[in-house]
Amino acid sequence: MNCPFCGFEDTKVVDSRFSEGKQRRRRLCPMCDKRFTTYESAERPTLLVNKKNNTYEAYDRTKLIQGLSFAVKKRPVSSADIIAIADEIENMCLTENRTQISTREIANFVLERLRSLDEVAYIRFASVNREFDTADKFLETIEELRAKK
């Protein structure tokens, strides 16, 4: 690691700890005797989402969180719960070394989590994701929910 002050190439690690999802390293330059901090994190592979129309786009965590936020609006579901769902999806893809995931897989994963968190949020998310076009679809989903209790 080059010193940002003098450019010396061989700096020394004085302290190392895990902080905010990254490895934090405190470094000392033996040439100019100045200290500086670096943060190290693992590079994640690009995750592509296979959409319903068979096109691909880069996974967008913000888009998922917005969809979840809409489903849980005015419901007793915390933002920590929403972030945990997004984290679980990303971690699942990382541990399985996946570079692609379908919108259907994401939706099914989210619906599993919402079912145990809040039934109304589950119905809201399902209605958008499964494109309900009649009241019967709502009733079928509600009956399905009741049957699984």
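Tell me, L28, L139 in order of fewest to most beta-carbon neighbours within 10 Å?
Fewest to most other Cβ atoms nearby, the residues stand as L139, L28.
In whole Å, what is the distance between the alpha-carbon centres of segment 120-134 and segment 1-34?
First find each Cα centre; the distance between them is then 51 Å.
Restricting attention to the chain, give the cysteines that have no other cysteine Cβ less than 4.7 angstrom from their Cβ.
Within the chain, the cysteines lacking a partner Cβ under 4.7 Å are C93.
Please express the shape of segment 31-86 as an equivalent ellipsoid: the semi-axes are the square roots of 5 times the eigenvalues of the C-alpha gyration tensor, given largest first in whole angstrom.
Semi-axes, largest first: 35, 21, 7 Å.
Using Cα-Cα distances under 8 Å and only pairs 6 or more residues apart, what relative contact order does the chain have, in percent?
Dividing the mean separation by the residue count of the chain yields 15 percent.
Given segment 1-41 reduced to its alpha-carbon atoms as identical point scatterers, what log10 I(q)/I(0) does the Debye formula return at q = 0.19, 0.24 Å⁻¹?
Taken in order of the listed q values, log10 I(q)/I(0) reads -0.49, -0.71.
Counting only C-alpha contacts under 8 Å and six or more residues apart, can you give the relative contact order of segment 1-41 as a whole percent?
Result for segment 1-41 is 33 percent.
State the dimensionless ratio Rg/Rh of the chain (Rg: radius of gyration of Cα atoms; Rh: Kirkwood radius).
Result: Rg/Rh = 1.20.
Given 0.36 nm per residue, what is the gain on full extension from R75 to A58 after removing their alpha carbon distance, in nm?
That pair, R75 and A58, stretches by 3.2 nm at full extension.
Which GluC sites (Glu not before Pro) does segment 29-137 hold that lie in a coil by DSSP with at most 14 other beta carbons within 10 Å?
E43, E96, E131
Going down the list K74/K148; K63/K148; K22/K63; K52/K73; K52/K74, which pairs span over 27 Å between their C-alpha atoms?
Beyond 27 Å: K63/K148; K52/K74.
Mind listing which trypsin sites (Lys or Arg not before Pro) in segment 1-80 are in a DSSP loop and have 14 or fewer other Cβ atoms within 10 Å?
K34, K51, K52, K73, K74
Could you please tell me the mean projected area of the C-alpha convex hull for segment 73-149, averaged over all directions and given in square nanometres to one decimal?
Mean projected area for segment 73-149: 5.8 nm², to one decimal.
Rule-based calculations on the coordinates, nothing more; no lab input. Quick caveat, the model's predicted, so the values are computed rather than measured. Every residue, glycine among them, receives a Cβ derived from its backbone with ideal geometry; neighbour counts consider all protein chains shown.
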